[in-house]
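S.K.: Just dropping this structure here.
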Amino acid sequence: MLKRPETELTHNPIEETANYDPHKRVALASGHKVWFEDDSKPYIDLIMGYSSANFGHANPNIQNFVIEAASLYDNVVAFTSTSRDHLDRQLITYLEPGPNRLVYYPIGGSKTVDAAVKLARAHTKKSGIISFKGGFHGYSFGAMLSTDEHFVNKKQFKPLPGESISFPFPDRKSTQSKLDASSALSSLDDYLRSHQEDTAAVIFEPIQGAAGFISPPDGFLKDLISLINRYRVVSICDEIQTAVYRTGTFYNHTQSQLQPDIVLVGKSLAGGYYPLGALIATQNFFESIDLSAPGFDSTFSGNLFGIYIANRTLEYAQKISLEKTVKSNGDIMLHILNKLGHFPVVSSIDGNGMALRFKLGYDNQDPQKNKGLAQKVREKAFDNHLIIQTAGIKGDYIKLSPSFFMSVDEFEEAISMLNKSIQEAI
Ligand SMILES: Cc1ncc(COP(=O)(O)O)c(C=O)c1O
């Protein structure tokens, strides 16, 4: 085996491996478990590839779709397929009924956000982008504009292609959530009144993922869309983390009967095997682009291999009534998670489908200490063979995204490991 010199770093410090154990090497991932080299005992995974492996690692059904897809084609550019027609139809059918929509398939989440920003700017001929505090939309130059400063030090990458102004996003778990919601909407209203002529779009996550699965109070999103519509500004609903059943329904925003102008999907759309993104918008958006030189496609966008896997994966999800499973098991999982509430340091336990979270913190302590606590719990959990993720702009949340096929009993076992880890950390 090749040996690195002692002075050389064994891991790249800008990568997430640095947060866990850079010396661990993955040998195998199956279902909700990960095996590392030289360790026969598996780890329970509650991150699931940041929700890109929602269907369980290396799900045998999806493996078959991958094999079928690979035996048909790899990357045939400039043409479409019947499989794509089916996928377009599926993605549109799950939306609230509305005007004629079209789908475009970029690569990965950030490029899907980039495409939405370009589409909104070209359509409105305006440039300003409004986002929300705690929002996460990716790290490409276009997506980074709207990602909260806490998740990226933007200064080091300047100049960026514009600036985005952000407004507070209310949390339904806050004691004054209704007040927070109306104050956020009224400051947005004030801003739009004087800036509608230079604002192209408002981008939002219906449940903020990286912020710690923050769900807004009932009615907030509906009021938000009505407000945006009043000002001839484009609404972009970023469902890259929430779509594909994470919160029960295929999309999350349909739970509030919303009709955003542009909807974005990514992560596990192609079963975790291909980074397929999808942007769904009404036909007039695409028609407003300069079609003599549109400037959207790239070599792997609209990739028929990924589209085939996605099409079959969504058919499979329908066949097994996945929506029902995620909703009913998600409710039981939230009930189990609530048991952690016996710790005085645990608060704000919340869940929607299988998007679950809780907050860690000593009351009235400085944020650094609470951030340190969440990190410590993550480390203890890892020692106990449990992989979890910290979240939140202050890093004081733990968010859990179990595999859709993890049973309630298996989840309960994971939560007892988490219980032990919290005990050890406090
Ligand atoms: C809501 C949301 N938008 C965009 C992205 C960026 O996607 P990607 O990491 O595939 O570029 C993410 C990734 O976590 C996300 O959660």
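S.K.: Pairs please, first residue from the range 1-30 and assigned to a loop (DSSP other than H, G, I, E, B), second anywhere and modelled with pLDDT of 85 or more and surrounded by fewer than 11 Cβ atoms within 10 Å (Cβ to Cβ), Cβ atoms under 7 Å, 6+ apart in sequence or on different chains.
M.R.: Qualifying pairs under 7 Å: Arg25/Glu37.
S.K.: On to the next question. Counting only residues that are surrounded by 21 or more Cβ atoms within 10 Å (Cβ to Cβ) and near the ligand (Cβ under 9 Å from one of its atoms), how many does the range 133-145 have?
M.R.: So the answer is 5.
S.K.: Which of the residues that make up the range 252-273 are crowded, with 20+ Cβ neighbours inside 10 Å and either among the small types (Gly, Ala, Ser) or within 22 Å of Asn61 (Cβ to Cβ) (or both)?
M.R.: Listed by number, the residues that qualify are Val265, Gly266, Lys267, Ser268, Leu269, Ala270, Gly271, Gly272, Tyr273.
S.K.: Follow-up. Pick from the range 38-63 the residues that are outside any helix (DSSP H, G or I) and among the hydrophobic types (A, V, I, L, M, F, W, C): which of them is nearest to Phe382 (Cα to Cα)? I'd like the intermediate steps shown before the answer.
M.R.: The first filter runs over the range 38-63 and keeps only residues outside any helix (DSSP H, G or I), leaving 38-47, 52-59.
From what's left, among the hydrophobic types (A, V, I, L, M, F, W, C): 44, 46-47, 53, 55, 58.
On the way: Ile44: 9, Leu46: 11, Ile47: 12, Ala53: 19, Phe55: 22, Ala58: 22 Å.
If we take residues in the range 38-63 being outside any helix (DSSP H, G or I) and among the hydrophobic types (A, V, I, L, M, F, W, C), then Ile44 is nearest to Phe382 (Cα to Cα).
S.K.: Related question: Need pairs with beta-carbon distance below 8 Å; first residue in the same structural domain as Ile203 (by TED's automatic domain parsing) and surrounded by fewer than 23 Cβ atoms within 10 Å (Cβ to Cβ) and within the range 226-240, second of a type in the set (Asp, Glu) and in a helix (DSSP H, G or I); sequence gap 6+ or separate chains.
M.R.: Within 8 Å, the pairs are Leu227/Asp189.
S.K.: Same structure, new question: Is it the case that the range 291-306 has a residue that's assigned by TED's automatic domain parsing to the domain that holds Ala115, of a type outside the set (A, V, I, L, M) and in a helix (DSSP H, G or I)? It would help to see each step written out before you state the result.
M.R.: Of all residues in the range 291-306, those assigned by TED's automatic domain parsing to the domain that holds Ala115 come to 291-306.
Going one step further and asking which of them are of a type outside the set (A, V, I, L, M), we end up with 292, 294-303, 305-306.
If we keep only those that are in a helix (DSSP H, G or I) as well, we get 305-306.
Among the residues of the range 291-306, at least one is assigned by TED's automatic domain parsing to the domain that holds Ala115, of a type outside the set (A, V, I, L, M) and in a helix (DSSP H, G or I), which makes the answer yes.
S.K.: Could you count how many residues in the range 277-300 are surrounded by fewer than 21 Cβ atoms within 10 Å (Cβ to Cβ), of a type outside the set (A, V, I, L, M, F, W, C) and within 16 Å of the ligand (Cβ to nearest atom)? I'd like the intermediate steps shown before the answer.
M.R.: Going residue by residue through the range 277-300, those that are surrounded by fewer than 21 Cβ atoms within 10 Å (Cβ to Cβ) are 282-284, 286-300.
After this cut, where a residue has to be of a type outside the set (A, V, I, L, M, F, W, C) as well, the list is 282-284, 287-288, 290, 292, 294-295, 297-299.
Now drop any that are not within 16 Å of the ligand (Cβ to nearest atom), which leaves 298.
Result for the range 277-300: 1.
S.K.: Among the residues of the range 281-301, write down those that are closer than 23 Å to Ala53 by Cβ and not hydroxyl-bearing (Ser, Thr, Tyr).
M.R.: First pass over the range 281-301, keeping only residues closer than 23 Å to Ala53 by Cβ: 300-301.
Answer for the range 281-301, where residues must be closer than 23 Å to Ala53 by Cβ and not hydroxyl-bearing (Ser, Thr, Tyr): just Phe300.
S.K.: Got a sec? Which of Leu192, Leu188, Leu224 is part of a helix (DSSP H, G or I), over 30 Å from Phe55 (Cβ atoms) and within 23 Å of the chain's Cα centre (by Cα)?
M.R.: Numbers: Leu192 fails: within 23 Å of the chain's Cα centre (by Cα); Leu188 fails: within 23 Å of the chain's Cα centre (by Cα).
Criteria check complete, one pass: Leu224.
S.K.: Filter the range 165-216 down to the residues that are out of contact with any strand residue (DSSP E or B) (no Cβ under 7 Å at 6 or more places or on another chain) and of a type in the set (A, V, I, L, M) and list them by number.
M.R.: Listed by number, the residues that qualify are Leu179, Ala181, Leu185.
S.K.: Output the number of residues of the range 163-177 satisfying the condition of being surrounded by 15 or more Cβ atoms within 10 Å (Cβ to Cβ) and over 22 Å from Tyr397 (Cβ atoms).
M.R.: Within the range 163-177, residues that are surrounded by 15 or more Cβ atoms within 10 Å (Cβ to Cβ) and over 22 Å from Tyr397 (Cβ atoms) number 1.
S.K.: Then there is this: Would you confirm, using the coordinates I've provided, whether Thr313 is within 25 Å of Ile67 (Cα to Cα) and more than 16 Å from the ligand (Cβ to nearest atom)?
M.R.: Values: within 25 Å of Ile67 (Cα to Cα): yes; more than 16 Å from the ligand (Cβ to nearest atom): yes.
Judged against the criteria, Thr313 is a match.
S.K.: I would also like to ask the following. How many of the residues making up the range 181-212 are within 11 Å of Lys133 (Cβ to Cβ) and away from the ligand (no atom under 16 Å from the Cβ)?
M.R.: Residues that pass the stated criteria total 1.
S.K.: Could you give me the residue pairs with C-beta distances under 9 Å whose first residue belongs to the range 132-146 and is in contact (Cβ under 8 Å) with a residue 24 or more places away in the chain and more than 15 Å from Ala211 (Cα to Cα), whose second residue is more than 7 Å from the ligand (Cβ to nearest atom) and acidic (Asp, Glu) wherever it lies, and which are 6+ apart or on separate chains?
M.R.: Cβ pairs passing all conditions: Ser140/Asp114; Phe141/Asp114; Gly142/Asp114; Ala143/Asp114; Leu145/Glu163.
S.K.: Continuing with the same structure: Please work out which one of (1) of a type in the set (Ser, Thr, Tyr); (2) outside the structural domain of Ser174 (by TED's automatic domain parsing); (3) under 23 Å from Gly271 (Cα atoms) is the condition Thr313 fails and give its number.
M.R.: Failing condition for Thr313: (2).
S.K.: Could you list, in sequence order, all residues of the range 109-128 that are of a type outside the set (Gly, Ala, Ser), near the ligand (Cβ under 10 Å from one of its atoms) and buried (at least 24 other Cβ atoms within 10 Å of the Cβ)?
M.R.: Correct list: Thr112, Val113, Asp114.
S.K.: If a residue counts only when it is of a type in the set (S, T, N, Q), which helices (runs of 4 or more DSSP H) contained entirely in the range 82-159 have at least 1 such residues? Steps first, please.
M.R.: On the way: elements: 82-93, 108-124, 141-144.
It comes to 82-93, 108-124.
S.K.: Conditions first: (1) more than 26 Å from Gly248 (Cβ to Cβ); (2) touching a Phe, Trp or Tyr at 6+ places or on another chain (Cβ under 6 Å). Lys111 passes all but one, so which condition is the exception?
M.R.: With (1) more than 26 Å from Gly248 (Cβ to Cβ); (2) touching a Phe, Trp or Tyr at 6+ places or on another chain (Cβ under 6 Å) applied to Lys111, the lone miss is (2).
S.K.: Then there is this: Of all the residues that make up the range 1-55, how many are exposed (fewer than 10 other Cβ atoms within 10 Å of the Cβ), modelled with pLDDT of 95 or more and under 25 Å from the mean Cα position of the chain (by Cα)?
M.R.: 0
S.K.: Between a residue in the range 64-79 that is outside any loop (DSSP other than H, G, I, E, B) and any residue that is surrounded by 13 or more Cβ atoms within 10 Å (Cβ to Cβ), which pairs come within a Cβ distance under 6 Å, given they are 6 or more apart or on different chains?
M.R.: Here the result reads Phe65/Ile309; Phe65/Arg312; Val66/Tyr273; Val66/Ile309; Ala69/Phe305; Ala69/Tyr308; Ala69/Ile309, each pair linking the range 64-79 to a residue that is surrounded by 13 or more Cβ atoms within 10 Å (Cβ to Cβ).
S.K.: Looking only at the range 227-254, how many residues end up being over 30 Å from Lys125 (Cα atoms) and either away from the ligand (no atom under 16 Å from the Cβ) or in a helix (DSSP H, G or I) (or both)? Steps first, answer last, please.
M.R.: Of all residues in the range 227-254, those over 30 Å from Lys125 (Cα atoms) come to 244-250.
Filter once more, keeping what is either away from the ligand (no atom under 16 Å from the Cβ) or in a helix (DSSP H, G or I) (or both): 248-249.
Adding up the residues that qualify gives 2.
The values are calculated or read from the model by the stated rules, or taken from the named source; none is laboratory data. Keep in mind it's a predicted model, so treat the numbers as computed, not measured. Cβ sites come from the backbone with ideal geometry, for glycine too, and all protein chains shown count toward neighbours.
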